[in-house]
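Below: one structure, written as structure tokens.
Derivation of every value follows stated rules applied to the coordinates shown; laboratory data play no part. All values reported here derive from a predicted model rather than from experimental measurement. Here Cβ is always computed from backbone atoms with ideal geometry, including for glycine, and neighbour counts include all displayed protein chains.
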């Protein structure tokens, strides 16, 4: 073998470091001159940040938007969890979108792309827990669709990876279950009866609407992060897996037995064609391909032990994957991959799926350090790999390498920056496009261990802003992020122009009303309807009368057409709060169960007379006639 | 009259400014040298903030903790809304605490006090929407109790105001309803049949447990913010009201008719005594005092038109209240108040409640500027008043004033700082204690109007950090806060020492288990129980077997005793996520409704083998026997 998996570091010592939770030794303080640093992240009052940081809210179920370089939190975009702050999950439409779930586990946001560049249309995020994908529209920063639970899939962790022109959101399963879902098989039959899945979620180019395109069956490996191709790897996508042992018990031991795991190299254009050619079998309503029966759709590639992802470089030629339990990162040359496939240079097959010859496709192994996880790129030929065990970021040079460099691979690693503590993900703006922004790197560290003012046992994580514009990295600022930022995307602020007001002309809600005269209430059987105007500084009407047992349906329209003139509608002791942005209409449905007089009021500050913006819901006891109608 | 309510400014022009939403003219940029400013708020990586900023999360229902001077968000403390990020609202205990509500409208956090100083024990916050008060324990930054909905009360806005030794949390109603709650009366009878209420929430000195002490009936005014006394005003509390017109329709017009509104000056020690003396009537289980029948409990005090609060100075002698629709702030001398009460110097009575003679108790009117709302103190004799209409903070001198100053009251206002935009609340650390920290002021502005990177129609508010250590205020930094920070409390970080781990010895959960051997599952009829250990990097047991129709009760213990070693337990497609801090046990109950194999996994990063920390919930179809038991 030309490149061997390094084993010079004793696994036991790695494990000891792993279980300790953070790297040995005291963290270095990365800066010596606080003075100059302060200017770097400072954004003066009245000035704006240069970049958006869209970061995963983990098991909060949300996406957070911060600014770079200030690292200030700007807003929360509610996605998989209700958020009364914007009324999300309280009006009929968002309640229906959330369905039976009130949380999600957001992992990896992915910006839409056109020609392998961010196009500023949408942000996609996945829910690992309940197997869903959501689409946020960057025109208004709102969640517009939640697709799922995805059939035949459990643990939607390996997503959301966007193809070159947003043809698909590609997702892969972390868990395997007997298929179709709902079937029970003995755990002992795990290797045979359980399956993982790669899915192509089709995206409508006009509307962004997602639908399930096709799926590819996989062995019950645990798929982790992936990446899509571009340039020479156009039409391909890649994932690593960390349980090719197919263990189902005590994974902490049993899933670390093999010296290497597999990545899957998937030709999604071929998969699309194979499905069009009728080569799929329908399972739970989805066309599913068996890759052993459809050659050319999926290949396996040996990678280091327990990898957590694979990252395509901006050119699309270099595919980088690291095994967490080895101290090197492998660079695969996709041109060699194509040649090996052409030449059928396979070192093995696994369940009928060809395993590419590692020696034939690996360009080299870079000795980045301990616990390498993920890699980002600055577009200047540099790569940045997170080192979990070392708690550091390694900067290194992508190929092509000189003969001198090949002879001394240590020389390829040009810098290392300690981070605090135990970095998982990291992000460089545009790293997954063909033109990265470079400039800033955000290290998303898994543990903060008291780097912040003590807030008790439930600690946030820490994210650190690193300046990568120079030859050496410079630690600039530290922010706290909760919970668990699994990944982020960076977008230039001036790349998009979100609307600040919903134009009246676009409001097609059947019960929108635009003047106080039109606001009214009426009864249809046991249902009381109300069309309400919200405008500085009143509701119209400001009294709703009904009786116990009625259903109440309120349509509230914020008739303002001015930026930041937002109204809320909260109803006392009825667990209702919606927020209505300028030009928006929202519908609320509630069952009236108790008699009394219940004030409602504007919950979102709107004007000096905001406090006066209130009304009354009068609920007569059941059977009695409403007082004044 | 010695001091007249100024009316030199035409109300129409004020209203025009009000309705415009922000002050006329371009905002001044308050700083000219970005260079020196950057250092002021900068906290270098590895350094900690000096102060906690506990700020209201408004209708998000939560409390946010930020650091000062960096203004970085550190954590969210979930209070009135579920928060899957910490599993709050998903385990049995927190679900029971939330009851039927999944949101609240958090307004005014109040730190517990001993001898009129912060004692670092608890933080109390109110829910304006559902009439509740919550207690957060600062030992672990967790919500421990939610009291309410409070009987006989609607719109718990005028709280949470903590008495000198945390004897009571004092709260007052924003809305009025027919009492007891549940009764319906015609809106036309508003002035006679509807009532407001002041409540004394008793706090157990050992445990912090809150219970309803007593209430005082009020006319149907809309009570707004209040303040408790100290020093000469010990035993007293104060609120302003903004609808002494007792309007119930179109308040934006009808509640601004009178030239002045009333503040209520309440002797809570007398109220407590009167209740002990049997002078209360029970309404809905609470002893309620009628202040017209119990002299000495409540007095009314004329204040400027449409006030939004009253603030006691650190000495307890000066009580400051502003009418939003007048350009001055009134300083009342509490020694004169006591004298006027003693002398029965009343200018009027309202429904049997004495109205104190304004001229006899007002020390003076300070021409602070347009739209004065709230006032904070630095302990150096300076007061800071938020000016909503001017979008500014006015700095002025508290009495005693010289004769020269009295002759030129403009001279009392020593500085003014523009803020962006339309400030509501403001906070100076310790302002409500007898020893303010001074140093920093945070202006909580109601509108941001595009001062941040554009995030669409749902915009955050902006909070600005102002250095008040010098003679002139200096604008230092701007952060974004969502939604609507209604007030905040500042506490020195080194004033408390929260725990980071729950000691095993304190865990008295009956189903806690502390070793993998002890973890087990068992069946009792249609209920399957599981005692599960969570420890790096596995669950024990890692398989739970049950069948459709079973109830599943899981008790999961995080047996770690190391800071920041937090585990989560998420169950795929079952809407369950809990987070278990080190040493904690949580119980989850769920009904099993669908067959299948459902992975569960650790949702909160714990170690390098976190990803391997998983198990399976196997649910057989109804009627079938569990596979292996």
Inset, instruction - Count, for each residue of B:610-619, the Cβ atoms from other chains sitting within 10 Å of its Cβ, then give me the mean as a whole number. - result: 6
Inset, instruction - Taking chain B as the reference, fit the longest principal axis to its C-alpha atoms, fit the long axis of helix B:334-343 to the helix C-alpha atoms, and give the angle between the two in degrees, 0 to 90, nearest 10. - result: 70 degrees
Inset, instruction - With a ≥ b ≥ c taken as the square roots of the eigenvalues of the C-alpha gyration tensor of region A:573-619, please select rounded if a/c is under 1.5 and otherwise prolate if a/b is larger than b/c or oblate if it is not? - result: oblate
Inset, instruction - Compute the label-point distances linking residue A:346 to its equivalents in the other copies; points lie 7 Å from Cα along Cα→Cβ; give nm, one decimal, shortest first. - result: 9.8
Inset, instruction - Counting only C-alpha contacts under 8 Å and six or more residues apart, can you give the relative contact order of chain A as a whole percent? - result: 11 percent
Legend entry - For residues of A:48-58, the mean tally of beta carbons on other chains within 10 Å: 2
Inset, instruction - Per DSSP H run of n ≥ 4, the term is -39500 (n - 2.57); total these for chain A, divide by its residue number, and report the mean residue ellipticity at 222 nm rounded to 500 deg cm²/dmol. - result: -2500 deg cm²/dmol
Legend entry - Length-normalised contact order for region B:454-575 - Cα pairs under 8 Å, 6+ apart - percent: 18 percent
Inset, instruction - With a 10 Å radius around each residue's Cβ, average the other Cβ atoms per peptide and rank A:261-271, A:108-118, highest first. - result: A:261-271, A:108-118
Inset, instruction - Could you rank the peptides A:538-548, A:227-237, A:608-618, B:394-404 by their average count of other C-beta atoms within 10 Å per residue, with the highest value first? - result: A:608-618, A:227-237, A:538-548, B:394-404
Legend entry - Per-residue mean of C-beta atoms belonging to partner chains within 10 Å, peptide B:537-549: 2
Inset, instruction - Run through all the Cα pairs of region A:504-620 and give the fraction in each 5 Å bin from 0, expressed as whole percent. - result: 2, 13, 24, 26, 19, 11, 4, 1
Legend entry - Per-copy distances of the residue A:186 label point, shortest first, in nm (7 angstrom along Cα→Cβ): 7.8
Legend entry - Shortest-first nm distances, residue A:258 label point to equivalent points in other copies (7 Å, Cα→Cβ): 8.0
Legend entry - Percentage of interatomic Cα-Cα distances in region A:51-492 larger than 32 Å: 33 percent
Legend entry - Interatomic Cα distance distribution for region B:261-380, bins of 10 angstrom, percent: 13, 39, 31, 14, 2
Legend entry - Value of relative contact order over region A:504-620, rounded to a whole percent, pairs C-alpha under 8 Å and six or more apart: 27 percent
Inset, instruction - Round to the nearest 10 and give me the degree value, 0 to 90, for the angle of helix B:11-20's Cα axis relative to the longest principal axis of chain B. - result: 20 degrees
Inset, instruction - Please quote Rg/Rh for the protein assembly as shown to two decimal places, taking the Kirkwood radius as Rh and restricting both calculations to Cα atoms. - result: 0.99
Inset, instruction - Could you give the C-alpha radius of gyration of region A:492-533 expressed as a fraction of 2.2 N^0.38 Å, taking N as the number of residues it contains? - result: 1.81
Legend entry - Kirkwood Rh (inverse of mean 1/r, distinct Cα pairs), region B:163-290, angstrom: 15.6 Å
Inset, instruction - Could you rank the peptides A:317-323, B:310-316, B:274-280 by their average count of other C-beta atoms within 10 Å per residue, with the highest value first? - result: A:317-323, B:310-316, B:274-280
